[in-house]
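Each remark here refers to the structure printed beneath this line.
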Amino acid sequence: MTTKHRTAAFRDLPKRFDELCRHFPLRPVHDGVGLENATEVIHSLAGHKLNKDQEDYLEALSELVGAYEDAQHAKNLSRLTPLDALRYLAEENGLTASALGDLLGNRSLGSKLLRGERELSKAHIQVLARHFKVSPALFVGG
């Protein structure tokens with residue numbers, strides 16, 4: 001488990017990339033505390049006029065946080081049933097039932113799928129996985 005890090009005010013943060021790395025090392029985020037620590041550093045840098053080293057550091061740290069959040073999001077989705085995953089992804093992406101049907105080639109199909117009246121075909125699963133940029137396994141019942 002990661003220990004809590006106290007973040008300095010922007011004026012107290014180092015200006016050079018290597019000094020920033022000594023202050024808060026660039027490492028993959030593994031847990032909630034690590035996420036909180038990294039987010040605090042990001043917030044300390046964001047919104048300020050940064051030099052090139054600070055911009056590079058902020059970008060690298062943001063990518064590490066993004067990777068952790070993506071992994072957590074995928075883990076949370078994997079606990080859903082295929083129908084719940086489809087409903088969630090459609091809602092999160094502002095995809096209406098008719099737009100979902102259009103995506104799958106039959107306008108009325110979207111509402112039938114979302115109500116659980118129709119099953120996803122292998123072709124539907126492939127289209128949805130590409131569209132939402134997720135693993136096809138998300139839409140396959142276990």
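Laboratory data are not the source of any read-out in this text; all were calculated from the coordinates shown. On a predicted model such as this, the values are computed, not experimentally measured, just so you know. Every residue, glycine among them, receives a Cβ derived from its backbone with ideal geometry; neighbour counts consider all protein chains shown.
Note the full-extension length gain between residue 9 and residue 73 as 0.36 nm times their separation in residues minus their Cα-Cα distance, in nm to one decimal.
Here the segment from residue 9 to residue 73 would lengthen by 20.0 nm.
Do any trypsin sites (Lys or Arg not before Pro) in region 101-142 lie in a loop, going by DSSP, with at most 13 other beta-carbon atoms within 10 Å of their beta carbon, and if so which?
115, 133
Using only Cα atoms, find the angle between the long axis of helix 52-78 and the longest principal axis of the chain, and express it within 0 to 90 degrees, rounded to the nearest 10.
That works out to roughly 30 degrees.
Please compute, for the alpha-carbon atoms of region 10-77, the extent along each of the three principal axes and give them in descending order in Å.
Largest to smallest, the principal-axis extents are 39, 21, 15 Å.
Please get the size of the charge dipole for the chain, origin at its Cα centre, with Cβ charges of +1 on Lys and Arg and -1 on Asp and Glu, quoted in debye to the nearest 20.
Here the chain has a charge dipole of around 300 debye.
How much of the pair distance distribution for region 80-139 lies past 16 Å, counting alpha-carbon pairs only, in percent?
Numbers: 550 of 1770 pairs.
The answer is 31 percent, as a whole percent.
Count the lysine pairs in the chain whose Cα atoms sit under 27 Å apart, keeping only pairs 8 or more residues apart in sequence or on different chains.
Lysine pairs meeting the criterion: 11.
Return the FRET efficiency for the residue pair residue 92, residue 60: r is the Cβ-Cβ distance, R0 is 25 Å, and the value is rounded to the nearest 0.05.
On the way: r = 27 Å, r/R0 = 1.08.
Result of the calculation: an efficiency of 0.40.
Taking the chain as the reference, fit the longest principal axis to its C-alpha atoms, fit the long axis of helix 32-45 to the helix C-alpha atoms, and give the angle between the two in degrees, 0 to 90, nearest 10.
Computed tilt is about 60 degrees.
Over the chain, one equal point on each Cα, no solvent: what is log10 I(q)/I(0) by the Debye formula at q = 0.16 Å⁻¹?
Values returned for q = 0.16 Å⁻¹ are -0.81.
Give, rounded to the nearest 20 debye, the magnitude of the charge dipole that region 66-142 has about its Cα centre when Lys and Arg contribute +1 at Cβ and Asp and Glu contribute -1 at Cβ.
Computed about the Cα centre, the dipole is about 220 debye.
Please work out the Cα center distance from region 51-92 to region 107-138, rounded to the nearest Å.
Taking the Cα centre of region 107-138 as reference, the centre of region 51-92 is 21 Å away.
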